[in-house]
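Take a look at the structure below.
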Amino acid sequence: RYDATPYLPARGGLPAHQRAAADCRGCPLYRDATGTVFGRGDPHARVMLVGEQPGDQEDREGLPFVGPAGRLLRKALDEAGIDQDGVYVTNAVKHFKFTRKETGKRRIHKQPSLRETLACRPWLMAELRLVEPELVIVLGATAGRALLGPSFRVGTDRGTPMPLPDSEDGTLVLATVHPSAVLRAEDREAMYAGLLADLRTAAGVL
Ligand code: URA
Ligand code: SF4
């Protein structure tokens, strides 16, 4: 069974978890990726954003949301009035999953499976426990499945704040589209407007 649990440190804060995650072999995704991409940001952020998995650039730099999706996300957060410096950003899955069309060619993003997503979930739960955000913003289906269950659908579950399941301290969760989906969309402007509307709703509950 795939599971990151044996690799989690018994104690320690975010830095200890980040160091331990670098050696995680809880599922096969560590094999082909450059390295683990852990979350980063304000360790006591009121808002935690959860994406899917690192992309090509994130994998090479070892940091979440440093590529095109991250640029779009920062622009949207800024327009929604959510302070960039006060957030913590991470991903549901911490290694980059990809295929290559031909050897040596461009790496093409592949969606992580539910098994891989659930295997990696202990890292995300540890980040939640340590950061203790007031609001978790779920970006897309993979993060939604990790935090809201396997039947999560962006189309029906987005835009409405709700209590984070299994959270006893009143943490809220709000789902929206993934910034990469905005970049890929045919009607990019409409989808960006939807992302922005959801982020404004998020800003309103803070
Ligand atoms: N997409 C994600 O979900 N996460 C990143 O860090 C980059 C792109
Ligand atoms: Fe561990 Fe997650 Fe990487 Fe799999 S994707 S090896 S569970 S850190």
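The values are calculated or read from the model by the stated rules, or taken from the named source; none is laboratory data. From a predicted model like this one, the values you see are computed outputs, not experimental measurements. No Cβ is skipped: glycine too gets one built from the backbone with ideal geometry, and neighbour counts run over all protein chains shown. Protein only, heavy atoms only, side chains kept; ligands, DNA and RNA dropped before computing areas. Shrake-Rupley method; radii C 1.70, N 1.55, O 1.52, S 1.80 Å.
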*Specify which of the listed residues (T176, T171) is out of contact with any Gly (no Cβ under 8 Å at 6 or more places or on another chain) and either modelled with pLDDT under 95 or of a type in the set (S, T, N, Q) (or both).*
T171
*Determine whether P133 is over 26 Å from R25 (Cβ atoms) and in contact (Cβ under 8 Å) with a residue 60 or more places away in the chain.*
yes
*Failed condition for R106, given (1) within 16 Å of ligand 1 (Cβ to nearest atom); (2) of a type outside the set (F, W, Y); (3) at pLDDT 95 or above, with all others met?*
(3)
*Verdict on R11 being exposed (fewer than 15 other Cβ atoms within 10 Å of the Cβ) and either farther than 18 Å from L128 by Cβ or within 17 Å of the chain's Cα centre (by Cα) (or both)*: no
*Name the residue, out of D42, D3, that is acidic (D, E) and farther than 30 Å from R106 by Cα.*
D42
*Flag for A16 being over 17 Å from the mean Cα position of the chain (by Cα) and either more than 12 Å from ligand 2 (Cβ to nearest atom) or closer than 18 Å to L139 by Cα (or both)*: yes
*Return the residue satisfying two criteria in turn: it lies in segment 127-143 and is part of a helix (DSSP H, G or I) and buried (at least 16 other Cβ atoms within 10 Å of the Cβ), and of such residues it is farthest from ligand 1 (Cβ to nearest atom).*
L130
_Please determine whether any residue of segment 144-152 is charged (D, E, K, R) and open to solvent by 60 Å² or more (accessible area, probe 1.4 Å)._
no
*For segment 1-44, enumerate the residues that are within 16 Å of ligand 1 (Cβ to nearest atom) and small (G, A, S).*
A21, A33, G35, G39, G41
*Taking segment 66-117, which residues are in contact with a helix residue (DSSP H, G or I) (Cβ under 9 Å, 6 or more places away or on another chain), more than 16 Å from ligand 2 (Cβ to nearest atom) and either among the small types (G, A, S) or touching a residue at least 60 places away in the same chain (Cβ under 8 Å) (or both)?*
G67, P68, A69, G70, L72, L73, A76, L77, E79, A80, G81, I82
